[in-house]
Each structure stands twice: as structure tokens, then as C-alpha cells.
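Quick notes on the structure that follows.
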Amino acid sequence: LDSRLARARSFDFSIDRAPTDRSRSGSMARSHSLLLPLAALVFLGQRAFIAPRTPGLRSSDARHLVALRAGGNSVSTGLTWPSPEAEAKLREVDGIKLYPTHAWTDDMKPVVPASKDIGATPVVIGVAADSGCGKSTFLRRILGALGTEVSSGHTAIGDMMTVVCLDDYHTNDRAGRKATGLTALDARENDFALMGAQIEALKKGKAVYKPIYNHDSGFKDLPELLQPNKVMVFEGLHPIYDEKARSQLDLGIYIDIVNDVKFAWKVQRDVQERGWTEQQVRDDINKRLPDFSKYVDPQKANADVILRYEPSDQGLPYLKVKLIQKKGGAFPMITLKKDLTLKGSKPGATLKMYDDDWFGSAVTVVEMDGEIDMDNMEAQLKMIEENMEGLNAKSKGELTEAMLKLKSSPGSQNGTGLLQTVIAMKVREIYEKLSRQAA
């Protein structure tokens, strides 16, 4: 990621847990070791997942799309939950407990009337992933598909879309978590009751006073007044974890990156930027592994669509990227007319489609393994787009045009950019469909 984004948030990584594969010779059940050459991992980190700032996002706003940092003075509450001091200041409003670690003022309520009626029920999207897993790139593509932009601020807000970082619902600040000995991945360190109640309120057209977690200071700043918007995106570690929050989502997306690929990202950042050794990177991964496996990774079973990254069958640094679509689910499915093989570059690319099982759910997988020929990018993209059914593009060649705008971006040559753009177009389709139904 851009160094500003990379520094803004910590990376949490894990060994991947995949479902049992009943039809593809264990391809989706394969685990991946951490024992990759360091040079190859750095090369991979440089090749994939990074997109330039698109017209929908001003360069000065890039860090706010996912990093979402607070401004102004930041002062610790000095409280840790649970503790006698915090319990003495606990209050309850409309059945919602207001933990004093969120830095509430006495006059604040968690849900308040909105300043205006937006004229429709907000479309609510959840994007779940481990920290540092490319959510910023993906969200930029959604902005492009919707033809909108967001302004700077702690929370990214535009004329039709708001992006909320769920780190804001950490119950304790950085010092508080040190005192409890729990990580931010642990469900006990997240206020799911408040999160669910406020997502529900926003979907009903109400405003909320949302907590703020300041990534710069590690403190909980004063909550901010957040108004409903046409599209509300909630991104972070746990948007699909809690049943109340999950029930409010119109679409749940999980970005699933297997261990070897995650490790490449962390090696690139921590070895090159922080001077860590490969062993220090490995130790950090292993330290976070239990909580990721217990609290974050299981959400992919309940997601409507999963974007999964694996090493290519030809080996790293090349990638295999899968769009895993639940049959009969909320995600409008795309299919391929036939399998494709693209040549002209090393390693070339293959696109295929097959049915599979994903944690007990029937799914259709569209998979791209390898890379397109960047010298022949437009022709190969047109071939891919013409082979897709159900894309619901606004015009012929829309997918190709969107990809060509990002040609200089690492990741545009593999399934990263292609399938992220497909999902972005589908988010637009869901928004338009639900808006028509509400009219």
C-alpha cells in the first residue's frame, strides 16, 4: 500500500483456513506454508493489489478511505473497560449501554434524529478483512463504479457514500487493550451491541453519535455526529461477525488472502520500511494467529461474496484470484460462457468457472490464474468482458474501460483489478435495484 496508508494501520495476519473442496482436487482447501524465499515475497508485494488514486478520490483524501484518522487534539479518557472506575461512569440510553471508554459527553445520545430525510433506505455494505488486506484499493473501485467521491475527515463522506471504519467500535483505546491483555481482533474488545444498534439506526434514516478510534494517538476521541447516506460501507475486522450487524447488511463481502500472500505484504512493509528481520515478521504473524482464526476468519462462511487470493498454480509471485459467489444469495452472479486461455506474456492467464462448496454453501467460482499481456491489455480485456454473462454493465466495454484507466497500477495485470472491478459494478447494481424497489 501507499506508505501513508501502510503506516496508518497495523497489519494482522494468519494462516488461512479454507473449506473442504469436494470438486476441485482440494484447491480451495489447500493451506500454504510461510517458508517462501524473502526475495520472492518482496517481489510479490510489489506486483499485486495496489491501485492508484482514482478520479473518485482526491489525492489528499486517500488515507481517509481506510485509515480514517482523526484530527485535532486527542486526549485519553484514562479508563479501561471493565474496571470499577469505568463501571461507575457507565450509563444507558434507550437500552444501549454507553461505555465511558468511548469518551461520551453527558449530553450525547447514541441515536438522534437525522438532519434531513435522504429519501430512501440506505444500502448497507459490509467489507470484512484482516487489516492491511487491500480494502482501500477495493473501495476506490466502488467509488469509481458509483461515479462519486468522498471528502477528507475522520470518516470518509461524500454526496452519496459514507465509509465507516469499524475500528471506531473498539471498546478500549490502545492503553486499555494493553491493560486487558486482549487484541483488537478479540470480540471482547469490540462494542458489537453499539455497532449493531447504530447500523440499524442509520439504515432506518436516523443519525448517530459514533465513537472515534484515533489511529495516530491510540486514544478514543469524542464521538462524531454521523448522518445516514445513500450507500453506507462498514469496513474492518468484524462487519459480519455479530448477528445484529450482519442482519442489517444488504451485501457482505469478505477479502480472503491466504497466508503466503499476506506474508509477502508484511515482509514488504516491515522489512523494507521498519527494518525488521524475516523472523520478526514471522513471530508477529504467529502472535496474532489465534485471535484472527477465532474472531475474523470465520466470517467468510457468512459472506455473500468472497474475493480470495492464492498463489498461482505456476507459483509465486504470480497469483490465482477467485470470485466465490453463493448461489441464490444477495450477490448478483456473473458467469463465463467458456474457459479462456490468454497468451503473449509470462506466465499468461487462464479464466475458468466451476461449482464448489464453501462452508456448506453451494457456490459458483470464477477464477483467474496468472496475468494478462499488458502490451495487449485492451484486446485481452475485451475478450474477457465479452465472455462474461450477468455483468450488467452500463455500456459495452465498461469493464475494459475501467481497467484501462488503472493500467499503471500493480495488480491490474492479474485477477485483483479485474474481479475487484466486477464486485464494484455489482455493488452499483444492488444499489440501483434496492433504490428502485424503495421508490
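Spin-label pair Thr341-Ala362: with each label point 7 Å from Cα along the Cα-Cβ axis, the two points sit 3.1 nm from one another.
Regarding the range 203-271, what is the average projected area of its C-alpha convex hull, in nm²? Value for the range 203-271: 6.9 nm².
Modelled label positions at Glu401 and Ala379, each set 7 Å beyond Cα in the direction of Cβ, lie 2.2 nm from each other. Net length available on complete extension from Gln437 to Val93 is 120.5 nm, with 0.36 nm assigned per residue and the Cα-Cα distance removed. Both numbers refer to the Cα atoms of the range 150-303; Rg and Dmax are 16.7, 49 Å. For the range 110-184, the direction-averaged projected area of the alpha-carbon convex hull comes to 7.0 nm². Residues of the range 208-222 falling in the label zone of Lys287, defined by backbone nitrogen less than 19 Å from a point 7 Å along Cα to beta-carbon, are 215-219.
Note on the range 75-160: along the principal axes its Cα atoms extend 49, 35, 23 Å, ordered by decreasing extent.
By a 1.4 Å probe calculation restricted to protein chains, Arg177 has an accessible surface near 30 Å², given to the nearest 10. Each Cα pair of the range 259-357 feeds into the Kirkwood radius, which the Stokes-Einstein equation turns, at 25 °C and 0.890 mPa s, into a diffusion coefficient of 149 µm²/s.
Summary of the geometry: the range 179-252 and the range 346-396, compared by the centres of their Cα atoms, lie 34 Å apart. When you count the other C-beta atoms within 10 angstrom of each residue and take the mean per peptide, 288-299, 251-262, 381-392 line up highest first as 251-262, 288-299, 381-392. Here the range 302-404 is treated as an ellipsoid with the same Cα gyration tensor; its semi-axes, largest first and in whole Å, are 23, 18, 11. Placing a pseudo-label 7 Å from each Cα along the Cα-to-Cβ vector at Asp313 and Ala120 gives an inter-label distance of 4.2 nm.
The values are calculated or read from the model by the stated rules, or taken from the named source; none is laboratory data. All figures in this text were calculated on a predicted structure; none of them were measured in a lab. Please note: Cβ atoms are built from the backbone with ideal geometry, for glycine as well, and neighbour counts cover all protein chains shown. Ligands, DNA and RNA are stripped out before the accessible areas are found, and what is left, the full protein with its side chains, is counted by its heavy atoms. Shrake-Rupley method; radii C 1.70, N 1.55, O 1.52, S 1.80 Å.
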